[in-house]
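What follows is a single structure, written as C-alpha cells, with notes after it.
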Amino acid sequence: MGIKRLNKLAAVTVLSAGCAYSPVALSGQILEARNNLKDYALVSCLIAIDPESKLAKDLNFTKRALSFMGKGDYRIVQNADTFETENDPYTEAVNILISEANRSIGYMKDGSSSRTYGCFNAAKSDVFDEFIVSQDEFIED
C-alpha cells in the first residue's frame, strides 16, 4: 500500500471511530434530559393545581420517574461540609415554572380562569427555556 492510500485509510478509520462520540449523539442526550426536566416541572405544575385529585395522584408516578431518585438525568449538588443543597435542577425548574404559570393564567370569555393553561403556557416561555438550558452542566453522564 502506498503512503497516500494508507493515510486515507487511517483518516477513514479515525472518522468512523469518532462517530460514536459525535456532537449529534451528545446533543440527543442533552435534548432528552432537557425535555425530561421540562416534563417534570410541567407535571409538578399540574399537580399543584389540585393535589388531591385522582389525576394528581396519577401524575405523581410520572413525577417520580422523571426525578433524580427515579434515576433522572440531572445531579443534585450539595455542599460537602454543610450538606445544604447548592443546586437542584428539579426544584428550581418547578419553582420557575409555577412562578411563570401564575403570570400566565388563561382567562376564558365567561370570566373563569384556567391554571392549567398557565402551566402549559409557562412551559413554552423563554424564561423557562433559558433556565432549562442553563442546567446542562448538571446532566449526568
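The values are calculated or read from the model by the stated rules, or taken from the named source; none is laboratory data. Source: prediction; values computed, not measured. Side chains included, ligands, DNA and RNA excluded: accessible areas come from the protein's heavy atoms. Shrake-Rupley method; radii C 1.70, N 1.55, O 1.52, S 1.80 Å.
Considering only protein heavy atoms, with the full assembly of protein chains and a 1.4 angstrom probe, order Asp50, Asp81, Asp88 by accessible area, largest first. Please report the intermediate quantities before stating the final value.
Numbers: Asp50 80, Asp81 135, Asp88 30 Å².
The residues order as Asp81, Asp50, Asp88, largest area first.
With every protein chain present, what accessible area does Ser53 have (1.4 Å probe, heavy atoms only), rounded to the nearest 10 Å²?
For Ser53, the solvent-accessible surface is approximately 30 Å².
Of Lys109, Lys63, which has the most accessible area and how do the rest follow, probe 1.4 Å? Don't jump to the answer; show the numbers that get you there.
Details: Lys109 210, Lys63 55 Å².
Descending accessible area places them as Lys109, Lys63.
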